[in-house]
Amino acid sequence: MDNPTISIEKQRSATALRQHLQAAKSLRQQANSEPAAARDRLRLREWQAGRLARTHADLLASARFGDAAQFFLSDLYGPKDFSSRDEEVERILPLLIKMLPGSALRTVALAVELDAISELLDSAMVAVLCRRGVIDRIDEDAYAAAYRAVGCQPERQRQIVLIRETGEALDRLARKPLLNGMLKLMRGPAHLAGLGDLQAFLERGFNAFRSMGSATEFLDSIERKERQLLGRLFADVASPFLLQK
């Protein structure tokens, strides 16, 4: 990391990326240590994906925001296992540092940090739900009670900040016309090199954000609802998932 041709921005992003890759990898290994544990993790993530789809149904149904909402639910904040993508990033990180613009490297670093903190919170949730014997029948009441038992309010708030920051980073990337050409040129070599998941992630994010124009309204909607839900869950209000419009 002492290469003088690498910008300070890239150095910081690369350092953060390495740390978050290791954290996410370690947490996933623990969560998937045996088949039963992997099933429990998947049960929680599938329930959360359904909750997200209900909370943000208006964005998913929007002609303008639908693709970006689907990208968030599948590639950033959903039940998908990002092991392959993260392994690819870890394997070719020195090359990524040289080839990717600093803005693109920071976007990947934010996405992996979001992945790592989600793994941390999900692991804690699974432990509580299993201890209470409700992991195989999660409903809103069971989820809300486990959420409060886990606590980790600063980490929950950081998760929402990361959702916003990752979206803003993707929005900035989508405004770089040269990046579109670079991604297309990378498609063939990336697949030949076994980097298909990373390439697909970058392309889906770029295309989803480019097609909707400014992401401000989209990100405002997600952040407002997620912060409102966080507050209602920790306050133990009745029917916390019924959010105000």
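Using just the helices of the chain, give the 222 nm mean residue ellipticity in deg cm²/dmol: DSSP H runs with n ≥ 4 each add -39,500 (n - 2.57), and the total is spread over all residues, rounded to 500.
Calculated from helices alone, the mean residue ellipticity at 222 nm is -25000 deg cm²/dmol.
Pairs to check: LYS25/LYS80; LYS25/LYS176; LYS98/LYS176. Give those whose C-alpha atoms are more than 24 Å from each other in this structure.
Those over the limit are LYS25/LYS176.
Step through the residues of segment 129-143 one at a time and calculate ³J(HN,Hα) from phi using the Karplus curve (6.51 cos²θ - 1.76 cosθ + 1.60, θ = phi - 60°), rounding each to whole Hz and writing x for Gly and Pro.
Result, rounded to whole Hz: 4, 5, 4, 8, x, 10, 5, 8, 8, 5, 10, 4, 5, 5, 5.
Taking the chain as a Gaussian network, Cα atoms linked when under 10 Å apart, which of GLU113, GLU34, GLU226 shows the biggest mean-square fluctuation?
It is GLU34.
Relative to the longest principal axis of the chain, what angle (0 to 90°, nearest 10) does the C-alpha long axis of helix 8-31 take?
40
Taking a probe of 1.4 angstrom, what is the accessible area of GLU168 in Å², to the nearest 10?
Accessible area of GLU168: about 70 Å².
Assuming 0.36 nm per residue, please report the length gained on full extension of the stretch GLU34 to ALA49 beyond their Cα-Cα distance.
Result: 3.1 nm gained on full extension.
How high is the relative contact order of the chain? Use alpha-carbon pairs under 8 Å, at least six apart in sequence, and give a whole percent.
This gives 25 percent for the chain.
Pairing the Cα long axis of helix 35-55 with the longest principal axis of the chain, what angle in degrees results, from 0 to 90 and rounded to the nearest 10?
For helix 35-55, the angle is close to 90 degrees.
Given Cα pairs under 8 Å that are at least 6 residues apart, what percent is the relative contact order of segment 1-144?
It rounds to 41 percent for segment 1-144.
Would you look at the GNM of the chain, springs on alpha carbons closer than 10 Å, and say which of PHE218, PHE72, PHE234 moves the most?
PHE234
Please calculate how many Å² of accessible area segment 4-235 carries per residue, with a 1.4 Å probe and no DNA, RNA or ligand atoms counted.
46
Using a 1.4 Å probe over the heavy atoms of the protein chains, calculate the carbon and sulfur portion of the accessible area of segment 30-118 as a whole percent.
56
Compute the FRET efficiency between SER26 and ARG148 as 1/(1 + (r/R0)^6), taking r as their Cβ-Cβ distance and R0 = 25 Å, and round to the nearest 0.05.
E between SER26 and ARG148, to the nearest 0.05, is 0.45.
So, in Å, what gap is there between the alpha-carbon centers of segment 113-169 and segment 1-66?
12
The values are calculated or read from the model by the stated rules, or taken from the named source; none is laboratory data. Note that the coordinates shown come from a computational prediction; the quantities given were computed from them, not determined experimentally. No Cβ is skipped: glycine too gets one built from the backbone with ideal geometry, and neighbour counts run over all protein chains shown. These accessible areas exclude ligands, DNA and RNA; they are computed on the full protein's heavy atoms, side chains included. Shrake-Rupley method; radii C 1.70, N 1.55, O 1.52, S 1.80 Å.
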